[in-house]
Amino acid sequence: MSYITIMSFNIHHGRGTDGVLNLQRIADLIAACDVDLAVLNEVDRNFSSRSDYIDQIDWLAHYLQMDYAFGPAVHRGENREFGNAVLSRYPIADIQNYRLHYRLVEDRALLDVTCLIDAQPIKLYATHLSLDRITHRRQTSFILNKVKETRLPVMLAGDWNMKPGSSPWCNVTRHLIDSWQEAGEGAGCTYPSYRPRARLDYIFLSPAFRVVQADVVKTLPEASDHLPLVIKVYTHFQ
């Protein structure tokens with residue numbers, strides 16, 4: 001049995017609510033939470049001047065001494081990308097990325113990462129879904145089909161742009177556990193960071209994981225427009 005700490009955090013390409021681009025604050029927050037796995041949304045990779053053309057996930061991984069995976073949702077020429085990322089203290093065995101092209105809205109993606117936890121492979125899916133209802137429904141359906149295809153333990157995390165109790169949330173929780181519902185106290189709102197009134201960020205789990213703690217971290221609200229969700233689980237793999 002292992003205890004694992006997992007974070008889901010929309011980092012807003014490192015630009016805080018004070019308008020300052022400061023990736024160090026993101027790194028410090030991840031380090032302070034002592035996470036084993038972090039799912040990050042809105043990550044720039046040499047994307048544009050808004051983030052000084054930095055490969056943000058490479059920088060974070062080197063600073064935090066973690067393995068990483070990146071899944072682009074948006075391409076702007078060679079090596080200029082924007083999307084989802086995973087940081088891991090465990091070995092990453094496989095990486096796949098699925099572009100979610102539906103309707104004329106911002107492109108989204110599903111990052112599919114296989115990690116080895118005590119030699120047990122698990123699936124960690126990272127995503128950031130659309131605000132458009134029809135697009136969101138189709139994206140959710142695609143993701144759940146991927147979840148159903150695997151027999152491995154599953155973690156599914158990211159910025160879902162949905163409310164608990166909504167139709168998409170009900171579709172997901174027919175198959176996976178909402179970690180906040182399992183162990184969180186209060187509303188669990190993560191957005192906007194200074195006066196959170198919406199729960200947009202989620203970590204869903206298969207029964208191979210039992211949630212023992214769930215927190216919304218409010219210690220550095222200026223770091224991003226979202227607050228990070230952090231949970232602690234223990235595993236009971238068969």
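The values are calculated or read from the model by the stated rules, or taken from the named source; none is laboratory data. A quick note: this is a predicted structure, and the numbers were derived from the prediction, not measured. For neighbour counting, all protein chains shown are included, and Cβ atoms are generated from backbone atoms with ideal geometry for every residue, glycine included. Side chains included, ligands, DNA and RNA excluded: accessible areas come from the protein's heavy atoms. Shrake-Rupley method; radii C 1.70, N 1.55, O 1.52, S 1.80 Å.
Per-residue ellipticity at 222 nm from helix content only, as computed over the chain with -39500 (n - 2.57) for each DSSP H run of at least four residues, stands at -6000 deg cm²/dmol.
For an R0 of 30 angstrom, estimate the FRET efficiency from the Cβ-Cβ distance between Q181 and D132 and round to the nearest 0.05. Once the sixth-power term is evaluated, E becomes 0.75. With a Förster radius of 35 Å applied to the beta-carbon distance between N145 and R50, the computed FRET efficiency rounds to 0.55. Using Cβ point charges alone (K and R +1, D and E -1), the dipole size of the range 196-238 about the Cα centre works out to roughly 200 debye.
Computed about its Cα centre, the charge dipole of the chain is approximately 880 debye, with only Lys, Arg, Asp and Glu carrying charge at their Cβ. Shape summary of the range 145-238, radius of gyration then Dmax from alpha carbon positions: 13.6, 42 Å. Placing unit charges on each Cβ (+1 for Lys and Arg, -1 for Asp and Glu) gives the range 99-203 a dipole about its Cα centre, and among T190, S179, I134 the Cα reaching farthest toward its positive end belongs to I134. Within the listed set D201, D112, D36, the residue fluctuating most in the Gaussian network model of the chain (springs between alpha-carbon atoms under 10 angstrom) is D36. Listed values for the range 202-209 are Karplus-derived 3J(HN,Hα) couplings in whole Hz (6.51 cos²θ - 1.76 cosθ + 1.60, θ = phi - 60°), namely 9, 10, 9, 9, 7, x, 5, 10, and x replaces Gly and Pro. The residues of the chain expose, per residue, 45 Å² of accessible area to a 1.4 Å probe. Surface composition of the chain: carbon and sulfur atoms hold 47% of the protein heavy-atom accessible area at a 1.4 Å probe. Evaluated over the chain, the count of Lys pairs having alpha-carbon atoms less than 18 Å apart is 4 (only pairs 8 or more residues apart or interchain).
Reducing the range 107-122 and the range 129-169 to their Cα centroids gives an inter-centroid distance of 16 Å.
Magnitude of the charge dipole for the range 1-54, about its Cα centre and with charges confined to Cβ atoms of Lys, Arg (+1) and Asp, Glu (-1), is about 160 debye.
Phi-derived couplings, Karplus 6.51 cos²θ - 1.76 cosθ + 1.60 at θ = phi - 60°, listed residue by residue for the range 176-185: 9, 8, 7, 4, 5, 4, 6, 9, x, 10 Hz, with x used for Gly and Pro.
Measuring between their Cα centroids, the range 199-228 and the range 1-73 lie 15 Å from each other. Alpha-carbon geometry of the chain: the Rg and the Dmax are 16.3, 48 Å, given in that order.
Could you give the nm distance between label points at T5 and D107, where each point is 7 Å from its Cα heading toward the beta carbon? Between T5 and D107, the label points sit 3.5 nm apart.
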